[in-house]
1. Output the strands (runs of 3 or more DSSP E) that fall wholly within region 163-225 and possess 1 or more residues being more than 29 Å from Ala42 (Cα to Cα), open to solvent by 20 Å² or more (accessible area, probe 1.4 Å) and hydrophobic (A, V, I, L, M, F, W, C), or say none.
2. Given the condition in a loop (DSSP other than H, G, I, E, B), under 15 Å from the mean Cα position of the chain (by Cα) and within 30 Å of Asn136 (Cα to Cα), answer yes or no: does some residue in region 103-111 qualify?
3. Please go through region 136-157 and pick out each residue that is farther than 29 Å from Val184 by Cα and not hydroxyl-bearing (Ser, Thr, Tyr).
4. With respect to the numbered conditions (1) buried (at least 20 other Cβ atoms within 10 Å of the Cβ); (2) of a type in the set (A, V, I, L, M); (3) over 27 Å from Phe57 (Cβ atoms), which one is the sole condition not fulfilled by Ile118?
5. Output yes when any residue across region 141-156 is touching a Leu at 6+ places or on another chain (Cβ under 7 Å) and more than 8 Å from the ligand (Cβ to nearest atom), and no when none is.
6. Restricting attention to region 56-73, does a residue exist that is in a helix (DSSP H, G or I), touching a helix residue (DSSP H, G or I) at 6+ places or on another chain (Cβ under 7 Å), away from the ligand (no atom under 12 Å from the Cβ) and in contact (Cβ under 8 Å) with a residue 24 or more places away in the chain?
7. Go through Ile108, Ile118 for me and flag whichever is within 30 Å of Phe89 (Cβ to Cβ), of a type in the set (A, V, I, L, M) and in contact with a helix residue (DSSP H, G or I) (Cβ under 6 Å, 6 or more places away or on another chain).
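The values are calculated or read from the model by the stated rules, or taken from the named source; none is laboratory data. Note that the coordinates shown come from a computational prediction; the quantities given were computed from them, not determined experimentally. All Cβ positions, glycine included, derive from the backbone under ideal geometry; neighbour counts span all protein chains shown. All accessible areas refer to the heavy atoms of the entire protein, side chains included, with ligands and DNA or RNA removed. Shrake-Rupley method; radii C 1.70, N 1.55, O 1.52, S 1.80 Å.
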Amino acid sequence: MKAKDYSSIVVLTGAGVSAESGLKTFRDSGGLWEGHRVEDVATPEAFERNPALVHEFYNMRRKQLLESATANAAHEALGHFEKHFTGAFNLVTQNVDNLHEQGGSRNIIHMHGELLKIRCNACERVQEWEIETDENSICPLCQNKGSLRPHIVWFGEIPLQMERIEQVLLSCDLFVSIGTSGNVYPAAGFVQLARSVGAHCVELNLEASQGALLFNEQIYGPATKVVSEFFDI
Ligand code: OAD
């Protein structure tokens, strides 16, 4: 069966779908992420200990995204498919970039947050953000100083919109996991939830992930190729 023959599709993406856009994946560089240990830049404790370093790290990520990354053929294939598919389509991404939006996808859940948004710890509001922040930045909404933080889910924090994600997984008949190593929960467990309701589960990745055997079907290759072929409509 082709993807378009199903009626309710959930797609989960990870760093691999953006790799060919020039954004580094997490687990292919000796445990370092852009030269940093994850514990130094992606935990609430790191932000408390050294907010300047964490702000600087996400300033760099944001700048890199805005200046040099554009959607690739895999993002575009997913956007095109969603536009023409007549059934239910939900894209859940672990990525914090905006390349799915650039590729034309609309129904996107960013479970690990978004690089181009900022959150205020004082007024708790989230807003679009493209410029640098530091530990003295002022929230434009509540004027509080020093309370802005990246709108990113750090290790030890709960991913966003989990209820909605579970809801769509429990009613899908096709689940496709793209470009994720299956190392990080709860996303790594989505395949089991989809299987529990009898959905057909497919892995599209460069290589077998941790949970590869939980899928009914596996197709290996670069995302620009395998995603474009699988989501042809
Ligand atoms: P990983 O870096 O763990 O895995 C990326 C996967 O993409 C690997 O299985 C690669 O083989 C595959 N890959 C690489 N290049 C590819 C290509 N061109 N086409 C297809 N696949 C390719 O990234 P994630 O699984 O996304 O969390 O990591 C999950 C989470 O761990 C991230 O969201 C992040 C990280 O810590 C947070 O920041 C909370």
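1. Details: elements: 174-178, 200-205, 217-220.
Answer list for region 163-225: 217-220.
2. Yes: one or more hits.
3. Initially, region 136-157 is screened for residues farther than 29 Å from Val184 by Cα, giving 136-146.
Of everything in region 136-157, those that are farther than 29 Å from Val184 by Cα and not hydroxyl-bearing (Ser, Thr, Tyr) turn out to be Asn136, Ile138, Cys139, Pro140, Leu141, Cys142, Gln143, Asn144, Lys145, Gly146.
4. With respect to (1) buried (at least 20 other Cβ atoms within 10 Å of the Cβ); (2) of a type in the set (A, V, I, L, M); (3) over 27 Å from Phe57 (Cβ atoms), Ile118 is out only on (3).
5. There is no residue in region 141-156 that is touching a Leu at 6+ places or on another chain (Cβ under 7 Å) and more than 8 Å from the ligand (Cβ to nearest atom).
6. Applying the first criterion (in a helix (DSSP H, G or I)) to region 56-73 yields 56-68, 73.
Checking which are touching a helix residue (DSSP H, G or I) at 6+ places or on another chain (Cβ under 7 Å) leaves us with 57, 73.
The next check asks that each one be away from the ligand (no atom under 12 Å from the Cβ); those that pass are none.
No: zero hits.
7. Numbers: Ile118 fails: in contact with a helix residue (DSSP H, G or I) (Cβ under 6 Å, 6 or more places away or on another chain).
Only one candidate qualifies: Ile108.
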